[in-house]
Every structure is written in structure tokens, then in C-alpha cells.
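For reference, the structure is listed below as C-alpha cells.
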Amino acid sequence: MTDIPTQVSPFIAGVTCRCPRCGKGKLFSGFLAVRPNCEVCGLDFSFIDAGDGPAVFVIMFAGFIVVGAALAVETIYQPPYWVHAALWGPLILMTTVLPVRPLKGILIALQFHHKAEPGRLEQIDRKP
């Protein structure tokens, strides 16, 4: 296929987990497994390398929410431990599992949008 210029917002394509070029094809074949290519425009997804970025962002977000809420509840109400377990278990699952897929989609779409490439070292000619 020919190169189709991106007309899709990387944030919309990422949140909806769609192809960053056409915005129509599915990005994932599983929960976090990326398809080999777009079934609509044929974009090869081999450029994708989100690495640990989505997990790091989710950990920071979830940690801020859960630890802040747990400290506030403990300071104000001082509930028994079983209440903490009942409250924070579901909150941890919601703040970690739900945002990781859209966040990975956003990072992938931003890679495509900004034409990200692996770093390269350049040879510098040094004169003695």
C-alpha cells in the first residue's frame, strides 16, 4: 500500500485501540498483543515498541490514587484491615487493568505520529 498521511488524532486512535494511520483497523489481537498489521490499510506494525512505558505510567497513576485514598481512609476512619482489603483490592484492579490497554494504544499511536525510531550513534571525525 502507499503511504497514507495520518489524519487520525493519535489520542483518539490510541484510546479506541485502532490503527494509528487509518483509525479503522484493530490494533490489538489480544488484550495487549499487537496485530502484525492493519487489516484495513495494511500498515505494518513491526515498528511498535511501547516497552514498559504503559506499565510505568499505570503504576504511577494507580499508586497515587490507591495510596492516597488508603492513607486518607486510614487517617480519617481507622477501619479494620478487612475493610482495607475489601476497598483497595477492587480499586487496584480498576486503576491498573482498565487503563493499560488504551495507554499502550496511545503510546503506539504517538510513536507512529512522531515517526519514532531507535537511537543511533553517529561517527564524529576528530582531528588530532
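The values are calculated or read from the model by the stated rules, or taken from the named source; none is laboratory data. Because the structure is predicted, anything quoted here is derived from the model rather than measured. Cβ: placed from backbone, ideal geometry, glycine included. Neighbour counts: every protein chain shown. SASA here: full protein model, heavy atoms, side chains in, ligands and nucleic acids out. Shrake-Rupley method; radii C 1.70, N 1.55, O 1.52, S 1.80 Å.
Some observations on this one:
- Accessible surface, per residue, of the chain when the full set of protein chains is kept, probe 1.4 Å, Å²: 72 Å²
- Those Cys residues of the chain for which no other cysteine Cβ falls under 4.7 Å: 17
- Sum of -39500 (n - 2.57) over DSSP H runs of 4+, divided by residues of the chain (222 nm, nearest 500): -17500 deg cm²/dmol
- Accessible surface comparison of 115, 26, 104, 127, probe 1.4 Å, protein chains only, largest first: the order is 127, 115, 26, 104.
- Take every Cα pair under 8 Å whose residues are at least 6 apart in sequence, average their separation, divide by the length of the chain, and the relative contact order is 33 percent.
- Peptides ranked, highest mean first, by Cβ atoms within 10 Å: ranges 73-81, 116-124, 56-64: 56-64, 73-81, 116-124
- Ranking 78, 102, 51 by how far each Cα lies toward the positive end of the dipole of the chain (charges on Cβ) leaves 102 at the top.
- Local electrostatic count at residue 44 - Lys and Arg +1, Asp and Glu -1, tallied over other residues with Cβ under 11 Å: +2
- Here the range 62-128 exposes an accessible surface that is 67 percent carbon and sulfur, computed with a 1.4 Å probe and the other protein chains kept in place.
- Among the listed options (i) 2, 10, 15, 18, 20, 18, 11, 5, 1, 0; (ii) 2, 10, 19, 22, 19, 11, 6, 4, 3, 2, 1, 1, 0, 0; (iii) 2, 10, 16, 17, 12, 10, 9, 8, 7, 5, 3, 1, 1, 0, 0, the one matching P(r) over Cα pairs in 5 Å bins from 0, in percent as calculated from these coordinates is (iii).
- Crossing angle, helix 53-77 versus the chain [Cα axis fit, 0-90 degrees, rounded to tens]: 10 degrees
- With Cα atoms, 0 to 90° folded angle of helix 81-113 axis to the chain main axis: 10 degrees
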